[in-house]
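Visitor: Could you have a look at this structure, given as C-alpha cells, before my questions?
The values are calculated or read from the model by the stated rules, or taken from the named source; none is laboratory data. Keep in mind that this is a model prediction, so the values were computed, not measured. Note that each Cβ is placed from the backbone with ideal geometry, even for glycine, and that neighbours are counted across all protein chains shown.
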Amino acid sequence: MPIAENFPEGYNPVGKISDSEGHFHIMWGPGKTKNVDGSPAEVFSDSDVVAAYTARKEEHVPLGVSGTMVAVDWDSCVADGACIEACPVQVFQWYRTEKDIPAKDVVGQTFEGTGSTVKDERKDLTDKADPIREHDCIWCMACVSVCPPQAIKVDQANVEKHDAASKSL
C-alpha cells in the first residue's frame, strides 16, 4: 500500500535521526501493521521479510515513517533497494550497514553517513533505506517512481512540517 498522499497527517514526530554534520530527519509514528484497507502492511505480509526478522531473533514491530521531505514508510519498505540505486545524489543509505541495530532503535542515533548506498549491499531484508541525506534531495522523484511498494513520498512543501515538528522534539 502506498505511503499516504497526505503524509504526515495522522502521524506525530517521535524523534530524530541525525548525521554527523548536524543535519537530522524526523521519524514519524505510529507505525502500522495494517494498511488503511485492512490488509497487512507489506513488511508484515512479505514472507521473506518476516523470515529475516525471525532469523535475527528480532521483534517485528511497526516502525513508522523515516524522513519528512523525503519520507520512507518503513512499514511498507521491503528493502528492495530500488530507491538507493535510482537516487543520483545518494540521499539514502542502508542504515544497518553503518549501525547494525534494530530499526526500532534508530531514533536518537547519530549516523556518520557511511552506510552503503549500493542496492545489493543491504544486511538483509530487515534493513531499511534511510534518507540520511534528506537535505541533499534535488526533488527529481526517481526514488518515488521505482519503489515497488510505493513506500516513498517526496514533497518539498513538507519542509514547514519538518521545521514545526523539530521544535517539539
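Visitor: So Gly15 clears everything in (1) under 21 Å from Lys153 (Cα atoms); (2) part of a loop (DSSP other than H, G, I, E, B) except one condition, right? Which one?
Guide: Every condition holds for Gly15 apart from (2).
Visitor: Can you find even one residue in the range 1-8 that is assigned to a strand (DSSP E or B) and surrounded by fewer than 18 Cβ atoms within 10 Å (Cβ to Cβ)?
Guide: Taking every residue of the range 1-8 in turn, none turns out to be assigned to a strand (DSSP E or B) and surrounded by fewer than 18 Cβ atoms within 10 Å (Cβ to Cβ).
Visitor: How many of the residues in the range 25-69 are at pLDDT 95 or above, part of a loop (DSSP other than H, G, I, E, B), out of contact with any Pro (no Cβ under 6 Å at 6 or more places or on another chain) and buried (at least 16 other Cβ atoms within 10 Å of the Cβ)?
Guide: So the answer is 5.
Visitor: Restricting the range 91-103 to residues that are touching a residue at least 40 places away in the same chain (Cβ under 8 Å) and part of a loop (DSSP other than H, G, I, E, B), which is farthest from Ala142 (Cα to Cα)?
Guide: In this case the residue turns out to be Pro102.
Visitor: Please work out if Ser39 is hydroxyl-bearing (Ser, Thr, Tyr) and closer than 21 Å to Thr114 by Cβ. Even if it seems obvious, please write down each step before you answer.
Guide: Values: hydroxyl-bearing (Ser, Thr, Tyr): yes; closer than 21 Å to Thr114 by Cβ: no.
Answer is no for this residue.
Visitor: Yes or no: the range 82-93 includes at least one residue that is more than 16 Å from the chain's Cα centre (by Cα), closer than 17 Å to Met69 by Cα and either at pLDDT 95 or above or not polar (S, T, N, Q) (or both).
Guide: Let us first name the residues in the range 82-93 that are more than 16 Å from the chain's Cα centre (by Cα), namely 88-89.
Subsequent filtering for residues that are closer than 17 Å to Met69 by Cα retains 88-89.
With either at pLDDT 95 or above or not polar (S, T, N, Q) (or both) added as a condition, the list becomes 88-89.
Checking the range 82-93: at least one residue is more than 16 Å from the chain's Cα centre (by Cα), closer than 17 Å to Met69 by Cα and either at pLDDT 95 or above or not polar (S, T, N, Q) (or both).
Visitor: Can Pro131 be described as in contact (Cβ under 8 Å) with a residue 40 or more places away in the chain, closer than 23 Å to Ser20 by Cβ and touching a Phe, Trp or Tyr at 6+ places or on another chain (Cβ under 7 Å)? Explain how you work it out, then say what you get.
Guide: Values: in contact (Cβ under 8 Å) with a residue 40 or more places away in the chain: yes; closer than 23 Å to Ser20 by Cβ: yes; touching a Phe, Trp or Tyr at 6+ places or on another chain (Cβ under 7 Å): yes.
So Pro131 fits the description; yes.
Visitor: Are any of the residues in the range 151-169 modelled with pLDDT under 95, outside any helix (DSSP H, G or I) and more than 17 Å from Cys83 (Cβ to Cβ)?
Guide: There is at least one residue in the range 151-169 that is modelled with pLDDT under 95, outside any helix (DSSP H, G or I) and more than 17 Å from Cys83 (Cβ to Cβ).
Let's see how each residue does on (1) buried (at least 21 other Cβ atoms within 10 Å of the Cβ); (2) among the polar types (S, T, N, Q); (3) touching a helix residue (DSSP H, G or I) at 6+ places or on another chain (Cβ under 7 Å); (4) assigned to a helix (DSSP H, G or I):
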site: Val72; (1), (2), (3), (4): yes, no, no, no
site: Asp80; (1), (2), (3), (4): no, no, no, no
site: Val89; (1), (2), (3), (4): no, no, yes, no
site: Cys140; (1), (2), (3), (4): no, no, no, no
site: Cys143; (1), (2), (3), (4): yes, no, yes, yes
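Visitor: How do the pairs read when you match residues in the range 105-117 that are in contact (Cβ under 8 Å) with a residue 40 or more places away in the chain with residues anywhere that are surrounded by fewer than 14 Cβ atoms within 10 Å (Cβ to Cβ) and of a type in the set (S, T, N, Q), using Cβ under 7 Å and keeping only pairs 6 or more apart or on different chains?
Guide: What qualifies is Thr110/Ser20; Glu112/Ser20; Gly113/Ser20.
Visitor: Taking the condition of being farther than 22 Å from Asp100 by Cα and either without any contact (Cβ under 8 Å) to a residue 24 or more places away in the chain or out of contact with any helix residue (DSSP H, G or I) (no Cβ under 6 Å at 6 or more places or on another chain) (or both), how many residues in the range 43-70 meet it?
Guide: Applying the first criterion (farther than 22 Å from Asp100 by Cα) to the range 43-70 yields 45, 68-70.
Going one step further and asking which of them are either without any contact (Cβ under 8 Å) to a residue 24 or more places away in the chain or out of contact with any helix residue (DSSP H, G or I) (no Cβ under 6 Å at 6 or more places or on another chain) (or both), we end up with 45.
Total meeting the criteria: 1.
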